[in-house]
Amino acid sequence: MRRGMQQPDIIRLEAKHMRDAAMLRRLALWERLPWLSDVHTPEEDEDYWRTQLLPNRTILGAVSAERLVAVIVYGGNEIDQLYVLPGFQANGIGTMLLRRAQEEMYEIELWTFQRNTNARRFYERHGFAAVKETDGAGNEEREADVLYRWRRPPSLSDEENPSDT
């Protein structure tokens with residue numbers, strides 16, 4: 001956290017937060033990836049968050065001064081969304097949210113765009129490895145992307161205790 005910046009509260013988002021979560025994603029993309037095609041309306045984005053993500057995934061938000069400043073969506077072994085408003089990036093908020101997902105999952109996969117070098121560096125710093133690149137034909141934006149994978153390292157408590165026999 002930057003000096004003087006309070007650590008945000010992490011909350012589980014509900015239906016009443018979906019408009020703000022969808023708009024946060026749009027704002028982060030517009031600011032950091034201005035070349036990316038905008039393929040949905042704000043209303044379509046909110047509907048997707050409300051009808052597809054909310055019932056099927058965990059959605060956490062970081063709230064600072066009563067404002068949603070970051071969001072993560074995850075479930076199964078995937079992170080579907082992780083966005084931090086540009087003015088709040090590089091303060092550890094994305095790391096806080098990512099760690100919450102890593103605490104709950106043993107393996108995680110996620111996609112990001114190849115040209116999103118900031119996101120790629122962020123995930124690689126947190127132990128993710130690129131395992132596949134595509135030309136973007138499989139995503140709505142038709143933008144070349146990359147699949148990342150992370151696995152929780154084994155701990156001593158995960159290993160079997162040696163037998164005394």
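Output the residues belonging to the stretch 86-112 that are closer than 23 Å to GLU141 by Cα, out of contact with any helix residue (DSSP H, G or I) (no Cβ under 6 Å at 6 or more places or on another chain) and either surrounded by fewer than 20 Cβ atoms within 10 Å (Cβ to Cβ) or modelled with pLDDT under 95 (or both).
Those that are closer than 23 Å to GLU141 by Cα, out of contact with any helix residue (DSSP H, G or I) (no Cβ under 6 Å at 6 or more places or on another chain) and either surrounded by fewer than 20 Cβ atoms within 10 Å (Cβ to Cβ) or modelled with pLDDT under 95 (or both): GLU109, TRP111.
Spot the failing condition for LYS132; the list is (1) part of a strand (DSSP E or B); (2) surrounded by 15 or more Cβ atoms within 10 Å (Cβ to Cβ), and only one is missed.
Of the numbered conditions (1) part of a strand (DSSP E or B); (2) surrounded by 15 or more Cβ atoms within 10 Å (Cβ to Cβ), the odd one out for LYS132 is (2).
Under 7 Å by Cβ, and 6 or more places apart or on different chains, what pairs join a residue from the stretch 78-103 that is acidic (Asp, Glu) with one that is open to solvent by 30 Å² or more (accessible area, probe 1.4 Å)?
GLU78/GLU109; ASP80/ARG57
Would you call GLU14 open to solvent by 60 Å² or more (accessible area, probe 1.4 Å) and in contact with a helix residue (DSSP H, G or I) (Cβ under 9 Å, 6 or more places away or on another chain)? Lay out the reasoning, then the answer.
On the way: open to solvent by 60 Å² or more (accessible area, probe 1.4 Å): yes; in contact with a helix residue (DSSP H, G or I) (Cβ under 9 Å, 6 or more places away or on another chain): no.
No; evaluated as a whole, the condition is false for this residue.
Inside the stretch 113-126, can you point out the residues that are more than 20 Å from ASN91 (Cβ to Cβ) and either small (Gly, Ala, Ser) or crowded, with 18+ Cβ neighbours inside 10 Å (or both)? Give the steps one after another, and end with the answer.
Of the stretch 113-126, the ones more than 20 Å from ASN91 (Cβ to Cβ) are 113-115.
The one that is more than 20 Å from ASN91 (Cβ to Cβ) and either small (Gly, Ala, Ser) or crowded, with 18+ Cβ neighbours inside 10 Å (or both): PHE113.
Only one of (1) at pLDDT 90 or above; (2) more than 23 Å from ASN118 (Cβ to Cβ); (3) out of contact with any Phe, Trp or Tyr (no Cβ under 6 Å at 6 or more places or on another chain) fails for ALA62. Which number is that?
Among (1) at pLDDT 90 or above; (2) more than 23 Å from ASN118 (Cβ to Cβ); (3) out of contact with any Phe, Trp or Tyr (no Cβ under 6 Å at 6 or more places or on another chain), ALA62 violates only (2).
Being acidic (Asp, Glu), over 18 Å from ASP9 (Cβ atoms) and at pLDDT below 95 is the requirement here; does ASP38 meet it? Don't jump to the end; show me each part of the working.
Values: acidic (Asp, Glu): yes; over 18 Å from ASP9 (Cβ atoms): yes; at pLDDT below 95: yes.
Yes; evaluated as a whole, the condition is true for this residue.
The values are calculated or read from the model by the stated rules, or taken from the named source; none is laboratory data. The model shown is predicted, which means the values in this text are computed figures rather than measured ones. Note that each Cβ is placed from the backbone with ideal geometry, even for glycine, and that neighbours are counted across all protein chains shown. These accessible areas exclude ligands, DNA and RNA; they are computed on the full protein's heavy atoms, side chains included. Shrake-Rupley method; radii C 1.70, N 1.55, O 1.52, S 1.80 Å.
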